[in-house]
Amino acid sequence: MDLLIHGGMIVTMNPEGKIWKKGALMIRGDRIQDLGEEDDLLKSYPGTPKMDGAGKAVLPGLVNLHTHTVLTVLRGVAEDAGIKSIYEQMMPMTDLMTPEDRYTMGLLGALEALKSGATTIVDNFNHMADIVPAVAESGLRAVVSEIVNDADLLEIRKGHYRFDAGIGEALLKKNVDLIEKWHGRENGRIRCHLGPHAPDTCSPRLLGEIKALAEKMDLGITIHIAQSPGEVEQVLKREGKRPVEYLDEAGFLGPRVIGGHCVHLSPSEIEILGRTHTHVAHNAAINARRGFIAPIRALKDAGANIGLGSDNMSEDMFEVMRIALMVGRIKTGNYAAFLPPDVMEMATRNGAAALGLEEEIGSLEIGKKADVILLDLKKPHLVPMINALGTLVHTGLASDVDTVIVDGRVLMEGRRVKHLREEEILIRAQETTERLWKDFSRKYR
């Protein structure tokens, strides 16, 4: 459909940082047809259906470069279990869940992402075939992948790394099946990656197989890198190298790879990630909850492209931006190490670039996809507004997101999601989670 959004503050996030204080944006079909001063576009497109943007900021949709929507099931619990939650809670809980459970919790995560202003998510987890229908139903743009490993993840909680080639082959087949069914679906809104879990849970043989397949199919790769001290210790023990060194010597790194976390890095590993142009998904909020801060300023200086991800239990990218700004300053001891435009760029253009979609999304520019969010500025915490990005990053909230448009389709307006039964989703998710935690307590405690 055609739609003219007018009267709002247009924050383009284009390379020049162009902002129109009272601008307009014209959507035709699934693309941005035009943008500029309000008066000019009102004259150019008379009779076009209009959306009043007065008192609102109009921005490109945010890109969540690393998340696991289904892990909403652990909200309020795993955040206080530290890094051990991965193998002591996440993996066992996922094993307990039915396909319907995964669909329900995936839909809850996608709903939260939508209402928080993310229009693109990178969702990677086990049994993704059960989750991606929910993500597609939400209307979000998504890049999805199955977690692939040949270490038995349920054994790691007991302190054992047991590798089984059969596990790896079965999971890789699930990832390929996902690609064959979903890659390019929904007008290209759903795309797929390959999803090796991490250097400590993937053997050299499996990593080589995934790398060759990614090149053959021309697909990206989503992987966790240097997420925990335990990962570093295991790779050193097994390979005699640190995780990034191991991946580099295997020829695995490069511009088709997005490394999630990248926390526990040596100076040489930082240099390698920059030199190989590997993208980094900075999961600032979850890492801070675990007591970790990634060396993001050093990675950026080394040449790595940095995007932002929410990772587990939350889809709130406004929280992620603010925490990324704060921990970056703490890590360096320099308040100017990161400024609001830096983290907003990470959440928009940089995320798009990591996905190879910089010509499609990540900024408001003519010809790009109409993935647009409107924020209500008539809030006490957003007034006065002198510096738009400064205010939005330092004091903006996910609840300020009023309207979300993906592929030219209005998914939410006035905080009301038009195509999903929100109350039913919340009730079902609560009931599902209560039952699963009871099952978990009986089996694992």
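If the requirement is being touching an Asp or Glu at 6+ places or on another chain (Cβ under 9 Å) and among the acidic types (Asp, Glu), which of these qualifies: Glu271, Glu249?
Numbers: Glu271 fails: touching an Asp or Glu at 6+ places or on another chain (Cβ under 9 Å).
Being touching an Asp or Glu at 6+ places or on another chain (Cβ under 9 Å) and among the acidic types (Asp, Glu) holds for just one of Glu271, Glu249, which is Glu249.
Could you look through region 377-409, keep only residues that are of a type in the set (Asp, Glu) and touching a Leu at 6+ places or on another chain (Cβ under 8 Å), and pick out the one that is least open to solvent (accessible area, probe 1.4 Å)? Can you show your working first?
Let us first name the residues in region 377-409 that are of a type in the set (Asp, Glu), namely 400, 402, 407.
The next check asks that each one be touching a Leu at 6+ places or on another chain (Cβ under 8 Å); those that pass are 400, 402.
Details: Asp400: 2, Asp402: 26 Å².
Checking each candidate, the answer is Asp400.
Identify all residues within region 144-156 that are in a loop (DSSP other than H, G, I, E, B) and either polar (S, T, N, Q) or surrounded by fewer than 16 Cβ atoms within 10 Å (Cβ to Cβ) (or both); write none if there are none.
First, the residues of region 144-156 that are in a loop (DSSP other than H, G, I, E, B): 149-150, 152.
Selection gives Asn149 alone.
I'd like to know if region 243-250 contains one or more residues that are in contact (Cβ under 8 Å) with a residue 24 or more places away in the chain, closer than 29 Å to Arg157 by Cβ and surrounded by fewer than 19 Cβ atoms within 10 Å (Cβ to Cβ).
yes
Report those helices (runs of 4 or more DSSP H) wholly inside region 345-445 carrying at least 3 residues which are farther than 30 Å from Gly259 by Cβ, of a type in the set (A, V, I, L, M, F, W, C) and modelled with pLDDT of 95 or more. Walk me through it before giving the result.
Working: elements: 351-354, 388-395, 422-444.
Hits in region 345-445: 422-444.
Is it the case, given these coordinates, that Ile179 is part of a helix (DSSP H, G or I) and of a type in the set (A, V, I, L, M, F, W, C)?
Details: part of a helix (DSSP H, G or I): yes; of a type in the set (A, V, I, L, M, F, W, C): yes.
Here the answer is yes, as Ile179 does meet what is asked.
Taking the residues in region 38-84 that are of a type outside the set (Asp, Glu) and open to solvent by 60 Å² or more (accessible area, probe 1.4 Å) as candidates, determine which candidate is nearest to the chain's Cα centre (by Cα). So that I can check it myself, show each step before the final result.
Let us first name the residues in region 38-84 that are of a type outside the set (Asp, Glu), namely 41-51, 53-78, 81-84.
Narrowing the set further to residues that are open to solvent by 60 Å² or more (accessible area, probe 1.4 Å) leaves 43-44, 46-47, 49-50, 75, 84.
Details: Lys43: 38, Ser44: 37, Pro46: 38, Gly47: 38, Pro49: 32, Lys50: 31, Arg75: 17, Lys84: 22 Å.
Checking each candidate, the answer is Arg75.
For the subset of region 1-37 comprising residues that are more than 24 Å from Leu411 (Cα to Cα) and of a type in the set (Asp, Glu), which member is farthest from the chain's Cα centre (by Cα)?
If we take residues in region 1-37 being more than 24 Å from Leu411 (Cα to Cα) and of a type in the set (Asp, Glu), then Glu37 is farthest from the chain's Cα centre (by Cα).
Say whether the condition of being within 15 Å of Asp371 (Cβ to Cβ), of a type in the set (A, V, I, L, M), part of a strand (DSSP E or B) and out of contact with any His (no Cβ under 7 Å at 6 or more places or on another chain) is met by at least one residue in region 27-34. Write out each step before concluding.
Our first condition is that a residue be within 15 Å of Asp371 (Cβ to Cβ); within region 27-34, this holds for 27-33.
With of a type in the set (A, V, I, L, M) added as a condition, the list becomes 27, 32.
From the residues that got through so far, the ones that are part of a strand (DSSP E or B) too are 27, 32.
Checking the rest, the ones that are also out of contact with any His (no Cβ under 7 Å at 6 or more places or on another chain) come to 27, 32.
The answer is yes; a qualifying residue exists.
One line per residue, one yes/no per condition, for (1) part of a helix (DSSP H, G or I); (2) modelled with pLDDT under 95; (3) among the aliphatic types (A, V, I, L, M):
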{"position": "Leu207", "(1), (2), (3)": "yes, no, yes"}
{"position": "Glu231", "(1), (2), (3)": "yes, no, no"}
{"position": "Val235", "(1), (2), (3)": "yes, no, yes"}
{"position": "Lys241", "(1), (2), (3)": "no, no, no"}
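Could you say which residue among Gly184, Gly166 is in contact with a Lys or Arg (Cβ under 8 Å, 6 or more places away or on another chain), surrounded by fewer than 23 Cβ atoms within 10 Å (Cβ to Cβ) and more than 22 Å from Lys241 (Cα to Cα)?
Details: Gly166 fails: in contact with a Lys or Arg (Cβ under 8 Å, 6 or more places away or on another chain).
Gly184 is the lone residue from the list that is in contact with a Lys or Arg (Cβ under 8 Å, 6 or more places away or on another chain), surrounded by fewer than 23 Cβ atoms within 10 Å (Cβ to Cβ) and more than 22 Å from Lys241 (Cα to Cα).
Report, by residue number, each residue of region 299-317 that is without any contact (Cβ under 8 Å) to a residue 60 or more places away in the chain and closer than 21 Å to His197 by Cα.
The first filter runs over region 299-317 and keeps only residues without any contact (Cβ under 8 Å) to a residue 60 or more places away in the chain, leaving 299-306.
Hits for region 299-317 are Ala304, Asn305, Ile306.
Are any residues in region 264-283 open to solvent by 10 Å² or more (accessible area, probe 1.4 Å), without any contact (Cβ under 8 Å) to a residue 40 or more places away in the chain and farther than 20 Å from Tyr161 by Cβ, and if so, which ones?
Leu265, Ser266, Pro267, Ser268, Ile270, Glu271, Ile272, Arg275, Thr276, His277, listed by residue number.
Quick one: is Glu358 within 24 Å of Ala298 (Cβ to Cβ), surrounded by fewer than 22 Cβ atoms within 10 Å (Cβ to Cβ) and touching a Lys or Arg at 6+ places or on another chain (Cβ under 8 Å)?
Working: within 24 Å of Ala298 (Cβ to Cβ): yes; surrounded by fewer than 22 Cβ atoms within 10 Å (Cβ to Cβ): yes; touching a Lys or Arg at 6+ places or on another chain (Cβ under 8 Å): yes.
Against the criterion (within 24 Å of Ala298 (Cβ to Cβ), surrounded by fewer than 22 Cβ atoms within 10 Å (Cβ to Cβ) and touching a Lys or Arg at 6+ places or on another chain (Cβ under 8 Å)), Glu358 qualifies.
Quick check on Asn312: is it modelled with pLDDT under 95 and crowded, with 24+ Cβ neighbours inside 10 Å?
Working: modelled with pLDDT under 95: yes; crowded, with 24+ Cβ neighbours inside 10 Å: yes.
Judged against the criteria, Asn312 is a match.
When you scan region 7-27, how many residues do you find that are without any contact (Cβ under 8 Å) to a residue 60 or more places away in the chain and surrounded by 16 or more Cβ atoms within 10 Å (Cβ to Cβ)?
Total meeting the criteria: 6.
Okay, residues lined up against (1) part of a loop (DSSP other than H, G, I, E, B); (2) closer than 18 Å to Glu245 by Cα; (3) modelled with pLDDT of 95 or more; (4) touching a Gly at 6+ places or on another chain (Cβ under 7 Å):
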{"site": "Gly274", "(1), (2), (3), (4)": "no, yes, yes, yes"}
{"site": "Ala281", "(1), (2), (3), (4)": "no, no, yes, yes"}
{"site": "Ala285", "(1), (2), (3), (4)": "no, no, yes, no"}
{"site": "Ala298", "(1), (2), (3), (4)": "no, yes, yes, no"}
{"site": "Asp301", "(1), (2), (3), (4)": "no, no, yes, no"}
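Given the conditions (1) of a type in the set (Gly, Ala, Ser); (2) over 27 Å from Ile83 (Cα atoms); (3) under 19 Å from the mean Cα position of the chain (by Cα); (4) open to solvent by less than 10 Å² (accessible area, probe 1.4 Å), which single one is not true for Ala198?
Every condition holds for Ala198 apart from (2).
If I filter region 339-351 for residues that are farther than 24 Å from Leu265 by Cβ and open to solvent by 60 Å² or more (accessible area, probe 1.4 Å), do I get at least one hit?
yes
Tell me which of these Glu100 doesn't satisfy, since it passes every other one: (1) in contact with an Asp or Glu (Cβ under 9 Å, 6 or more places away or on another chain); (2) crowded, with 19+ Cβ neighbours inside 10 Å; (3) among the charged types (D, E, K, R).
(2)
State yes or no: is Asn387 closer than 27 Å to Asp30 by Cα, of a type in the set (S, T, N, Q) and touching a residue at least 12 places away in the same chain (Cβ under 8 Å)? Break it down stepwise before answering.
Working: closer than 27 Å to Asp30 by Cα: no; of a type in the set (S, T, N, Q): yes; touching a residue at least 12 places away in the same chain (Cβ under 8 Å): yes.
No.
The values are calculated or read from the model by the stated rules, or taken from the named source; none is laboratory data. Only a predicted model underlies this, so the values are computations on that prediction, with no experimental measurement involved. Every residue, glycine as well, gets a Cβ built from its backbone with ideal geometry; the counts of neighbours run over all protein chains shown. Areas reflect the complete protein model, heavy atoms only, side chains present, ligands, DNA and RNA absent. Shrake-Rupley method; radii C 1.70, N 1.55, O 1.52, S 1.80 Å.
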